[in-house]
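The values are calculated or read from the model by the stated rules, or taken from the named source; none is laboratory data. Predicted model, so just to flag it, every value in this text is computed and none were measured. Note: ideal-geometry Cβ built from the backbone for every residue, glycine included; neighbour counts use all protein chains shown. In case anyone asks, the SASA skips ligands and DNA or RNA and just uses the protein heavy atoms, side chains included. Shrake-Rupley method; radii C 1.70, N 1.55, O 1.52, S 1.80 Å.
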Amino acid sequence: MKKNLIRIGIILIAVLALYYGSTHRGLTSNTVSSTHATTKNILIVGSTALQPLVEKASSMYEKENPNTSISVQGGGSGAGLTQVQAGSVQIGDSDIFASQEEGIKPSKIVDHKVAVVGIAPVVNKDINVSNLSMKQLRDIFTGKITNWKDVGGPDMAITVVNRSSGSGTRTVFEDSVLKGETAVKAQEQDSNGTVQKIISSTPGSISYLASGYISGKNLRAVKVDNVSLTTENIENNKWKIWGYEHMYTHGKAEGQTASFIKYFKSKKVQNGIVKELGYIPLAGMKVDKNSQGKVTSK
Amino acid sequence: MARRNKKNSQDPIKESLLRKSISAKKDMFGRSLSLSALILIGVVVFSIFFFVLSRGLMAFTLDGINPFKFIFGTVWNPTTPDSNGNLQFGAFPMIVGSFLVTLLSALVATPFAIATALFMVELQSNWGKKIMHPVVELLVGIPSVVYGFIGLTVVVPLLRKTFGGSGFGILAGTIVLFVMILPTITSLTVDALRNVPNHYRELALAIGATRWQMIYKVILRAATPGILTAVVFGMARAFGEALAVQMVVGNAPIMPNGLLESASTLTSILTQGIGNTSDGSVQNDVLWTLATLLLIMSLFFNLIIRFIGKRTNITQGGH
């Protein structure tokens, strides 16, 4: 009897604790505030697409400023935004605007655009289609066109490879191409590298890649509306599928964090490694894109 | 120790009787050390449960998702609203995917594992012990990413060439998991077979059974609970495996309508999504709910193992 009472008591306490825990987000969420963005040690977390670029820039910066140490981690755009909002890192990298991510309050963090990335549809080398119209591209990724012969290619089923939902590259691609339509449910992969590998080896496959990853002899980029992905075409918005790479700081950037971002935007980095790794420097852009995807000329 | 105590004290007998000896102190120290380790582990386990469960429940309590629709809904569309402006969270495709790869791989692996174990214990126990046992144990320790990578570069292209399609899917996941859980099931089955006392074998052979009759009618029956435990262990490993499966299953959150179509599992959606969602959003909460489902399933597997473990078909003789 006593044993049963104890058991019931324990279960009751557990249920109450769970109820309290599950209705109070602060208890388990990452909402600790807030370190100021002034320290000598800069911690950068976020977008895996931007990560190689930031790593290179930070090692260059550390050489010039020996008493600053910067550590760069991946984790994804969502993780970057979450952690910079919570103040647990100095810089959060993101492929998308903070307002596009649910659960992020854009007022708490400050956006620093640092580069532009172009994204192009890529197909396996067996597909002899070199140009698609925007409408055809949309129909392929929404599942209305399922065979290559409908777009002038061989009689072969189209294998769509998507990035995982919520990924920055996918968000940029869908915002520019799908115009609010829902993507076909298809295979999803979680990084540019994996997509590159799969498109190279899977006949009849199509996906999209950030410009830095479009290489290798078994895949090729496709023109859209007879425009090919070049720096110039992105700068004047002839090539429509592009987005910004962002660095977000918690509040105004100060101290070393501010000077690192300034360094990143300097000509040396922008015309050096930014170009080398397949990104497009901000300075040349003749247009602006806002978080709703609206493009205005500068 | 005792001698030194005596030498140092003025009233040797009283002192040594009243004072704790160094050995006793060491004893106390050791006990409190292991007790605090136990408490620490208890706290960690409890916190993990509390954390995962309470985060997992947020999708239902704070975001107002219907639990029934979550588990049995078949449309998983967490980021882009459909034509009515609703996001859909139906985890059934992933649940089915997880169970399919788990059950299929266990189904394929079990006969192989039992055959291997029988060879190692009953047929060639010398050779088996010297060579096969270390090999199997080595296989248990190979990191899952290695299996996944082999799956991606060998299994997927092979399936693509043989059956057409993309090669990614439940079948590729099953094959990779089959190789992964085979050593686990084998080594536990070996233990189960070794636990069958020798007089079972002697008795069976003495009354004229052939070797096969002995194995089939006596050894395997006596070892059944142990073998079942081995299979459930393998299934638990398969169910929780994330990386290797994610690399070959294709990760399309749709109901699997064939073994060769891209599908997804609870773990593959979880690992893919967690970096792309931000803390506190619906998208993040539903991933925690998937984690809760995984936790509950692993508890369930544990319960089965305990339940089977209590039963035994072996009597120790000596009437």
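Checked against (1) outside any helix (DSSP H, G or I); (2) in contact (Cβ under 8 Å) with a residue 60 or more places away in the chain; (3) crowded, with 21+ Cβ neighbours inside 10 Å, A:V161 meets all criteria but (2). Here is the figure for segment A:186-229: residues that are away from chain B (no Cβ under 14 Å) and in contact with a helix residue (DSSP H, G or I) (Cβ under 9 Å, 6 or more places away or on another chain) total 17.
Which of the residues belonging to segment B:144-163 are without any contact (Cβ under 8 Å) to a residue 12 or more places away in the chain and either of a type in the set (D, E, K, R) or within 11 Å of chain A (Cβ to nearest Cβ) (or both)? Correct list: B:T153, B:P157, B:R160, B:K161. Open to solvent by 40 Å² or more (accessible area, probe 1.4 Å), within 14 Å of another protein chain (Cβ to nearest Cβ) and either at pLDDT below 90 or closer than 30 Å to B:L287 by Cα (or both) - does that describe any residue in segment A:113-125? No, segment A:113-125 has no match at all. Looking only at residues of segment A:84-98 that are modelled with pLDDT of 85 or more and open to solvent by 10 Å² or more (accessible area, probe 1.4 Å), we find that the one that is nearest to the other protein chains (Cβ to nearest Cβ) is A:Q85.
A:K56 meets each of the listed conditions (1) at pLDDT 85 or above; (2) surrounded by 19 or more Cβ atoms within 10 Å (Cβ to Cβ); (3) more than 11 Å from chain B (Cβ to nearest Cβ) apart from (2).
Every listed requirement among (1) in a helix (DSSP H, G or I); (2) in contact (Cβ under 8 Å) with a residue 24 or more places away in the chain; (3) more than 12 Å from chain B (Cβ to nearest Cβ); (4) open to solvent by less than 30 Å² (accessible area, probe 1.4 Å) is met by A:G153 save one, (1).
This table checks each residue for (1) modelled with pLDDT under 90; (2) crowded, with 17+ Cβ neighbours inside 10 Å.
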site	(1), (2)
B:I65	yes, yes
B:T74	yes, no
B:S83	yes, no
B:N86	yes, no
B:M94	no, yes
B:L100	no, yes
B:L103	no, no
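Whether any residue in segment B:21-32 is in contact (Cβ under 8 Å) with a residue 12 or more places away in the chain, out of contact with any strand residue (DSSP E or B) (no Cβ under 8 Å at 6 or more places or on another chain), part of a loop (DSSP other than H, G, I, E, B) and among the aliphatic types (A, V, I, L, M) is what I want to check. Looking through segment B:21-32, none of the residues is in contact (Cβ under 8 Å) with a residue 12 or more places away in the chain, out of contact with any strand residue (DSSP E or B) (no Cβ under 8 Å at 6 or more places or on another chain), part of a loop (DSSP other than H, G, I, E, B) and among the aliphatic types (A, V, I, L, M).
Is it fair to say A:N147 is more than 8 Å from every other protein chain (Cβ to nearest Cβ) and buried (at least 18 other Cβ atoms within 10 Å of the Cβ)? When the stated conditions are applied, A:N147 does not pass them. When B:I296 is tested against the conditions (1) within 14 Å of chain A (Cβ to nearest Cβ); (2) in contact (Cβ under 8 Å) with a residue 12 or more places away in the chain; (3) β-branched (V, I, T), the lone failure is (2).
As a summary of the residue check, B:T229 satisfies the conditions (1) open to solvent by less than 20 Å² (accessible area, probe 1.4 Å); (2) under 20 Å from B:A109 (Cβ atoms) except for the one numbered (1).
Between A:I198, A:I206, A:I214, the distinction of being assigned by TED's automatic domain parsing to the domain that holds A:N162, modelled with pLDDT of 90 or more and either more than 19 Å from the chain's Cα centre (by Cα) or within 25 Å of A:N162 (Cβ to Cβ) (or both) belongs to A:I206 only.
Applying the selection to segment B:26-60, what residues are under 27 Å from the mean Cα position of the chain (by Cα), of a type in the set (G, A, S) and surrounded by fewer than 16 Cβ atoms within 10 Å (Cβ to Cβ)? Hits for segment B:26-60 are B:S34, B:A37, B:G42, B:S47.
When restricted to residues that are assigned to a loop (DSSP other than H, G, I, E, B) and either closer than 15 Å to B:T74 by Cα or more than 9 Å from chain A (Cβ to nearest Cβ) (or both), segment B:263-279 contains 2.
A quick yes/no check of all residues on (1) open to solvent by 30 Å² or more (accessible area, probe 1.4 Å); (2) touching a residue at least 24 places away in the same chain (Cβ under 8 Å); (3) more than 14 Å from B:T229 (Cα to Cα):
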| residue | (1), (2), (3) |
| --- | --- |
| B:S268 | no, yes, yes |
| B:G275 | no, no, yes |
| B:G280 | no, no, yes |
| B:N284 | no, no, yes |
| B:G309 | yes, yes, no |
| B:I314 | yes, yes, yes |
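Of the helices (runs of 4 or more DSSP H) entirely within segment B:127-172, none holds at least 3 residues that are open to solvent by 60 Å² or more (accessible area, probe 1.4 Å) and either among the basic types (K, R) or not assigned by TED's automatic domain parsing to the domain that holds B:V101 (or both).
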